[in-house]
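Right, one structure below, let's go through it.
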Amino acid sequence: MRKIRLPGWSTGPVYFSHRLKSTSDCLREMAGQGAAHGTVVWAKEQTRGRGRRGREWFSPPGGLYFSVLFKTGPLLEPSFALIAGGAVIGGVKKRVKLNLKIKWPNDIMRNGNKVGGILCEKQGELLIVGVGLNLEIPANLKNSFSPGSLPELKSHPPGEIMGLILNKLEEDLEVFQENGFLPFRNEQRRLSFLLGRWVTVDNLQGQVIDYGEKGQLIIRCADGTEKHCWQGTVMVLEEE
Ligand code: BTN
């Protein structure tokens, strides 16, 4: 890994590598050895990229994969992945106008396809936010499944996009630590891919009607009862 300069990001050092197992794992090891608040690890390719709930995050060359370390102290609420998703979309939109949405709790969506994901991991006073964005889909994958991509971002220097995302992340984290999810709720409603849709969340089935004040998903079941979901995997029951 080599240390590089990232335009507009001075909170912590930035390390780049062509290939790593996982930027979040690497950063966690560095945090164990005293890495500073704001340290960033960026890789062109990951050989063992991780997603939420132990899933694999396929990370071929050509995507944007990075993780940032924040030494935050306790977080008021658990919903920071949603806010981080909003920060990623906000950062990207400063360069390219795209209609991106968030599929609770951590997927970035474009036209109904997943184009990115956020992995927020909290350990004591350490928060590691990992961001993965597909900028292109490798040709050999196109037949097997159809994730979305953001090819428009390829004409911008990746460091510039990362700098914009990181700054928004840092700014939003400060607000979140002071005030929790509530100041972000309206923006999250606007960005929501799920609002109004019929879904299953693990064993529950219903229509997504809102976010609660701590970022939980509220669904109304067919019998009219409302359920608050704090975690889980969401499947959409209807097509775009
Ligand atoms: C998900 O969709 O479940 C989250 C995917 C997060 C992927 C990013 S890529 C950079 C960082 N390093 C990892 O190993 N995972 C995150």
Considering residues of region 172-198 that are in contact (Cβ under 8 Å) with a residue 12 or more places away in the chain and within 29 Å of Phe16 (Cβ to Cβ) only, the residue surrounded by the most Cβ atoms within 10 Å (Cβ to Cβ): Phe176
Going by the conditions given, is Lys101 over 21 Å from Thr47 (Cα atoms), assigned by TED's automatic domain parsing to the domain that holds Leu164, open to solvent by 10 Å² or more (accessible area, probe 1.4 Å) and modelled with pLDDT under 95? no
I need the full set of residues from region 48-70 which are open to solvent by 70 Å² or more (accessible area, probe 1.4 Å) and either under 23 Å from Leu153 (Cβ atoms) or among the hydroxyl-bearing types (Ser, Thr, Tyr) (or both), in order please. Arg50, Glu56, Phe58, Pro61
Matching entry among Asn134, Asn113 (being closer than 18 Å to Arg95 by Cβ, within 16 Å of the ligand (Cβ to nearest atom) and of a type outside the set (Lys, Arg)): Asn134
Pairs, please: C-beta under 8 Å, at least 6 apart or cross-chain, first residue under 14 Å from Gly159 (Cβ atoms) and in region 6-19, second modelled with pLDDT under 95 and among the basic types (Lys, Arg)? Val14/Arg5
A careful count of residues in region 1-47 that are within 15 Å of the ligand (Cβ to nearest atom) and loosely packed, with under 12 Cβ neighbours inside 10 Å gives 4
Considering residues of region 48-67 that are in a helix (DSSP H, G or I) and among the charged types (D, E, K, R) only, the residue nearest to the ligand (Cβ to nearest atom): Arg52
For region 10-54, how many residues are of a type in the set (Asp, Glu) and out of contact with any Phe, Trp or Tyr (no Cβ under 8 Å at 6 or more places or on another chain)? 2
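The values are calculated or read from the model by the stated rules, or taken from the named source; none is laboratory data. On a predicted model such as this, the values are computed, not experimentally measured, just so you know. A quick note on method: Cβ atoms are made from the backbone with ideal geometry, for glycine too, and the neighbour counts reach across all protein chains shown. When the accessible area is computed, the model is the full protein with side chains, heavy atoms only, and any ligands, DNA or RNA have been set aside. Shrake-Rupley method; radii C 1.70, N 1.55, O 1.52, S 1.80 Å.
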